[in-house]
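Contents: one structure, followed by commentary.
The values are calculated or read from the model by the stated rules, or taken from the named source; none is laboratory data. Because the structure is a prediction, the values reported are computed rather than measured. Cβ placement follows ideal geometry from the backbone for every residue including glycine, while neighbour counts extend to all protein chains displayed. Keep in mind that these areas ignore ligands, DNA and RNA; they rest on the heavy atoms of the full protein, side chains included. Shrake-Rupley method; radii C 1.70, N 1.55, O 1.52, S 1.80 Å.
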Amino acid sequence: MAESLIDIQVEDLKRVELVRVSGRIDSSNAAEFDRVLKEVAGRKHNVVLELSGVEYMSSAGLRAIVALWRECQKRRGDVLLANPSERVTEVLTLAGLNTVFKVFDTETAAVGNF
Amino acid sequence: MAHEQVLIVPGRYNEIKRICEFVAAGAAEAGFDDDTIFHLELCCDEASTNIIEHAYGQEGAGNIVISYAIAEDEFTIVLRDNGQAFDPANVPPPPAISRESIPLDELANQMRIGGLGLHFIRNLMDEVTYSSDNRQGNRLVMVKKLQKDES
């Protein structure tokens, strides 16, 4: 069995879905990440992504996050990022997406913003 | 003296981590810092993903041959495949993005055609060249200069 590189935990809060992601996101598991995010967007349109434990992310991971953001925006919601790791921040900056997402130091601060 | 290593893997997404680890080991040996090693892993990941998605068009359709060479002042990575030609020069850069103006359709399209990965490669590597011919297949050469400390 292939080892799982990514760990995704979803917590359904009152007005927000909190998604904690850790591990490695690349093309091998971005489809799994995308599937979970689509399920999340199907339930609520306000989402906090807690990304402190993401050790590695390629554009495949970004693609899933942008798809989620697009879906939430369509339904007048938003996607906020909590405590993204240095690698995530760097990939967002490289893609020019660092000004698009609001970033919070903690998941509590991000959840409280909704 | 240049020191070269070669890895051949099937063109499958679950081989990407192995490709990254292979290149990271070479980059560490060459003396790059952790941030630069991450950049080199990212570029090889994006290039390999583009080979699977665009050159082969699917997983398991052919191999990816990846090699690196450590020279005194540069680290050279070569990726080869036998799929369709996929010239990065034909892919435009991603759209300009700000919080006020986000061309989402254009951005989504760029991501679909591998444009974001290429954008990373162009920004993070010092030299990128691509060639393709019927006999030798496709060849992407990426060069990163080794910065020597003056102190």
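Structure values in brief
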read-out	value
GNM flexibility winner over chain A from A:Asp78, A:Asp12, A:Asp34 (Cα, springs under 10 Å)	A:Asp12
DSSP-defined beta bridges in the protein assembly as shown - what % are antiparallel, rounded to 5	70
Under 5 Å, built H, 5+ apart or other chain: amide partners of A:Ile6	A:Arg24
Accessible area that becomes buried as A packs against B, both chains, 1.4 Å probe, Å², nearest 100	2500
Note, ³J(HN,Hα) from phi for the range B:20-26, Karplus 6.51, -1.76, 1.60, rounded to Hz, x at Gly and Pro	4, 5, 4, 5, 4, 5, x
For chain B, alpha-carbon Rg over 2.2 N^0.38 Å	1.07
Residues whose placed amide H lies under 5 Å from that of B:Glu59, excluding near-sequence neighbours	none
Peptide ranges A:13-22, A:104-113 listed from the most packed, as the mean C-beta count within 10 angstrom indicates	A:13-22, A:104-113
Two-site FRET efficiency, B:Lys145 against A:Val103, from Cβ-Cβ distance with R₀ of 30 Å, rounded to 0.05	0.40
Solvent-accessible area per residue for the range B:3-145 (1.4 angstrom probe, square angstrom)	47
Highest-MSF residue in chain A out of A:Arg76, A:Arg63, A:Arg24 [GNM, Cα springs under 10 Å]	A:Arg76
Accessible surface, the range A:6-112, averaged per residue in Å² (probe 1.4 Å)	43
Rg/Rg_globular for the protein assembly as shown, with Rg_globular taken as 2.2 N^0.38 Å and Rg from C-alpha atoms	1.04
Averaged over B:11-17, number of beta-carbon atoms from partner chains that fall within 10 Å	5
At 1.002 mPa s and 20 °C, Stokes D of chain A from Kirkwood alpha-carbon radius, µm² per second	155
Dipole of the range B:1-46, positive direction: furthest Cα of B:Gln5, B:Ala25, B:Ile37, with charges on the beta-carbon	B:Gln5
Solvent exposure ordering (accessible area, 1.4 Å, most first) of B:Ile51, B:Ile8	B:Ile8, B:Ile51
Whole-Å distance, taken between Cα centres, linking the range B:16-91 and the range A:1-76	26
Accessible surface of the protein assembly as shown, 1.4 Å probe, proportion on carbon and sulfur as whole %	45
Sequence of B:Thr36, B:Thr129 when ordered by accessible area, the most exposed leading, probe 1.4 angstrom	B:Thr129, B:Thr36
FRET efficiency, 1/(1 + (r/R0)^6) with R0 30 Å, evaluated for B:Glu106 and B:Arg135 via beta carbons	0.20
CD proxy at 222 nm, helix term only [per DSSP H run n ≥ 4: -39500 (n - 2.57); per residue of chain B; nearest 500]	-10500 deg cm²/dmol
Among B:Ser48, B:Ser131, B:Ser67, residue whose mean-square fluctuation peaks in a GNM of chain B (springs only between Cα atoms under 10 Å)	B:Ser131
FRET efficiency, 1/(1 + (r/R0)^6) with R0 25 Å, evaluated for A:Ser4 and B:Ala25 via beta carbons	0.60
